[in-house]
Every structure is written in structure tokens, then in C-alpha cells.
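Below you'll find the structure, written out as C-alpha cells, and then a few comments.
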Amino acid sequence: MDVNEMTVGGPELVRVRFDIAYDGTDFSGWARQPTQRTVQGVLEEALAKVLRLPSVSLTCAGRTDSGVHARGQVAQADVPLETWENEGERVLRRLAGVLPKDVRVSDARVAPPGFDARFSPLFRRYLYRVSDAPYGVDPLWRRDVLWHRHPLDVDRMNAAADHLRGEHDFAAYCKKRDGATTIRELLHLSWERVDRDLVHGTIQADAFCHNMVRALVGALLAVGDGRRGTEWPGEVLRAGVRDSSVHVVGPQGLSLEEVRYPADEELESRASATRRVRELP
């Protein structure tokens, strides 16, 4: 549905896309909470101020948990067309002046027809950073890197990842929410050693359920340090139930790096397909 059709009898609206980055350390996640400092709450307050509106409501591509960072978050807001025509060109500079230093909006523009920040993406890509240095994490990276106490073998971790890619029911790696499916397509999962003591894990899927990335990382770290065999993460997946031996790692190493959308003419059909309840064959 065109955004203007949603305001019969009201002002004509335009959908605006915002590209956002934040250090999640001092936020209680993305989602607005009455008594907590959240990314959504801070951004909505700032946008209402710079656009001179009573309120602004944001919808994001991926609701990150407390402590999780983002370099490639995407969100949308439907705002009065007249307001955007008057204030849109100045919104980035104004936001830079009112937002706290741990959150930035790098772009703000009118979205193409059919755009839905939550349902239109082809995939989300996360990066998880781990240090296995015996002395811990470099102090300058303490907000962005998890310390793992034992040396990691990335070849073993990649061998284990082979058993997780594809479309599966990831109930064993998710914190289930009522009415929400746990079927996801894991498009990419790989590990590389980027420095002597620093390992990066790249995780890409059409969507993620709650705690999924951090649970997958926890399982693969157990393989990488030799506590578990390379077959074990796949065995947990096939069991289909939460396994208490899968440790959900801390949020500080995790960052939402990219949200990829299809070509403009495919946005609406992609959103419709994503909204359908998925079932495995």
C-alpha cells in the first residue's frame, strides 16, 4: 500500500529511509522502553525535535539487543510531505547537533515506493569479533571485541559451520517468541583470523530470531577451542530444542554491518513474500 493511502483525511505522508550507526554499549537495545535508554527512543526524540513534529515513529530492519552495535542499521519513518520538503535538506546536520555521540544518522532520503525497512531486506549481515589473546582484549577495543580465554582453530569452526548453513528451523539456537517462526535461511557463516589474536565471524541470513547470532557464535567457539567436535553444532540444530550447553555469548563483539535490499521494482514483492509464514518442506 502506498504510504499516502494510509492517511485518508490527514496530511499527505512520505516514507523516509534513515541509515544509522551506533555504539550499543550504553543502550538497552534498539526497541523503545519507557524507563530505559534505547536507540529508538533517542532517535525518535531527536527527529521530532529537528523536524518540529509532536512525535516520530521509527521501524527498523533489525531490533538489536542490549549492548549490540550497528554500522548498517536501516529504519523508516512516515512524516508529513510538507514537513520533509521544508526540513529534509537540513535534517542530517541538525541531527548531528542534537544526537549523543554514540549514535549517528549517515543518510536520510525519501524511500522508493514499496520500501519496508523491516520486511523488504534480502539479508542482514552481522560481524562478530573475538580475541583469543592470552592477555585479553586491547583496551581500545574493549567495547567491540569479546575475549575468549582459549586459542581458537578457525578451520574447525568453518568445518562446523558447514552443518548450519541453509534453510532450517533454528529453534535450538533461538529464544522463541509466541507466534513467531524460527525458520530462517542462513546464507553465509564463516570465520577468519584477521590478526594474530583477532578472529572475525561473518553471519548472514534473510532474517534472525532472538539471540540466534550469539547462540551460533557460542556453539562455534566451543568447537574452535576443542571442547566440542565439528559435528556437534549440526546435531544441536537437528534436535530442534534449546540446549543448555549452548552458551549465548556477550553482545559486545556483535555488530549489524549491512542490510541489503533488492532493486526498487522488487521491494514490494519482497516484503509480501517475507510476511508469509514459512514452513519447511
Once Lys and Arg get +1 and Asp and Glu get -1 on their Cβ, which of Ala108, Pro121, Gln73 lies farthest toward the positive end of the dipole of the chain?
Gln73
At q = 0.10 Å⁻¹, the log10 of I(q)/I(0) for segment 7-87 from a Debye sum over equal Cα scatterers comes to -0.26
Listed by chain and number, the residues whose amide H is under 5 Å from that of Gln73, excluding neighbours fewer than 5 places away on the same chain and using placed H, are Ile20
Rounded to whole Å, give me the distance from the Cα center of segment 204-221 to that of segment 86-108.
31
Dimensionless Rg/Rh of the chain, both radii on Cα and Rh by Kirkwood, sits at 1.00
Cross-link reach from Lys49 to lysines, straight Cα distance under 30 Å and at least 8 residues apart if same chain, gives Lys101
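Given a Förster distance of 25 angstrom, what is the FRET efficiency for Asp195 paired with Ala159, based on the Cβ-Cβ distance and rounded to 0.05? Please list the in-between numbers first.
Working: r = 22 Å, r/R0 = 0.87.
The pair Asp195/Ala159 has a calculated efficiency of 0.70.
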Helix-only mean residue ellipticity at 222 nm, the chain, DSSP H runs n ≥ 4 weighted -39,500 (n - 2.57), per residue, nearest 500. What is it?
-6500 deg cm²/dmol
Amide H contacts under 5 Å for Leu186, placed H, 5+ residues apart
Gly166, Glu167, His168
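Leaving ligands, DNA and RNA out of it, rank Arg118, Arg238, Arg228 by accessible area with a 1.4 Å probe, largest first. Mind showing how you got there, number by number?
Values: Arg118 130, Arg238 160, Arg228 90 Å².
Output order, biggest surface exposure first: Arg238, Arg118, Arg228.
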Within segment 200-257, report the GluC sites (Glu not before Pro) that DSSP leaves as loop and that have at most 15 other Cβ atoms within 10 Å.
Glu231
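Tell me the relative contact order for the chain as a rounded percent, counting alpha carbon contacts under 8 Å between residues six or more apart. Please report the intermediate quantities before stating the final value.
Values: 591 pairs, mean separation 64.1, N = 281.
Rounded, it is 23 percent for the chain.
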So for segment 239-281, what are the equivalent ellipsoid semi-axes in whole Å, largest first, each being the square root of 5 times an eigenvalue of the Cα gyration tensor?
31, 20, 6
Both in Å, the radius of gyration and Dmax of the C-alpha trace of segment 155-206 are 13.3, 44
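What is the diffusion coefficient of segment 1-151 in µm²/s, taking the Kirkwood radius over Cα pairs and the Stokes-Einstein relation at 25 °C with a viscosity of 0.890 mPa s? Walk me through the numbers before you get to the answer.
On the way: Rh = 16.9 Å.
Using the Kirkwood radius from Cα pairs, D works out to 145 µm²/s.
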Take the solvent-accessible surface of the protein heavy atoms, probe 1.4 Å, and return the percent of it on the chain that carbon and sulfur atoms account for.
47
Label-point separation, Leu187 to Arg93 (7 Å along Cα→Cβ), nm:
3.6
Cysteines having no other Cys beta carbon under 4.7 Å from their own, within the chain
Cys60
Ordered by residue, what ³J(HN,Hα) values in Hz, to whole numbers, does segment 247-259 give under the Karplus form 6.51 cos²θ - 1.76 cosθ + 1.60, where θ = phi - 60° and Gly and Pro are x?
8, 7, 6, x, x, 5, x, 9, 9, 7, 8, 7, 10
Would you kindly calculate the mean projected area, averaged across all directions, of the convex hull enclosing the Cα atoms of segment 106-240, in square nanometres?
10.2
Let me know the volume per residue of the alpha-carbon convex hull for segment 128-190, in Å³.
119
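For a Förster distance of 41 Å, can you work out the FRET efficiency between the beta-carbons of Thr202 and Ala48, rounded to the nearest 0.05? Write out the running numbers ahead of the final one.
Numbers: r = 36 Å, r/R0 = 0.88.
Once the sixth-power term is evaluated, E becomes 0.70.
For segment 55-141, divide the Cα radius of gyration by the Kirkwood radius and give the resulting Rg/Rh value with two decimals. Provide the component values of the computation, followed by the final result.
On the way: Rg = 17.0 Å, Rh = 16.0 Å.
Rg divided by Rh gives 1.06.
Between Gln36 and His210, 0.36 nm times their residue separation minus their Cα-Cα distance comes to what? Please list the in-between numbers first.
Details: separation 174, 0.36 × 174 = 62.64 nm, distance 1.93 nm.
So the extension gain works out to 60.7 nm.
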Quote the FRET efficiency, to the nearest 0.05, computed for Lys176 versus Arg142 with a Förster distance R0 of 25 Å and r equal to the Cβ-Cβ distance.
0.20
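Magnitude of the Cβ-charge dipole of the chain, K/R +1 and D/E -1, about the Cα centre, nearest 20 debye? Write out the running numbers ahead of the final one.
Working: 39 positive and 42 negative charges, 161 e Å.
Roughly 780 debye for the chain.
The values are calculated or read from the model by the stated rules, or taken from the named source; none is laboratory data. Everything quoted here is computed from the prediction, not taken from an experiment. Don't worry about glycine lacking a Cβ; one is built from the backbone with ideal geometry, like all the others, and counts go over all protein chains shown. We work out accessible area using only protein heavy atoms, side chains counted, and drop any ligands, DNA or RNA first. Shrake-Rupley method; radii C 1.70, N 1.55, O 1.52, S 1.80 Å.
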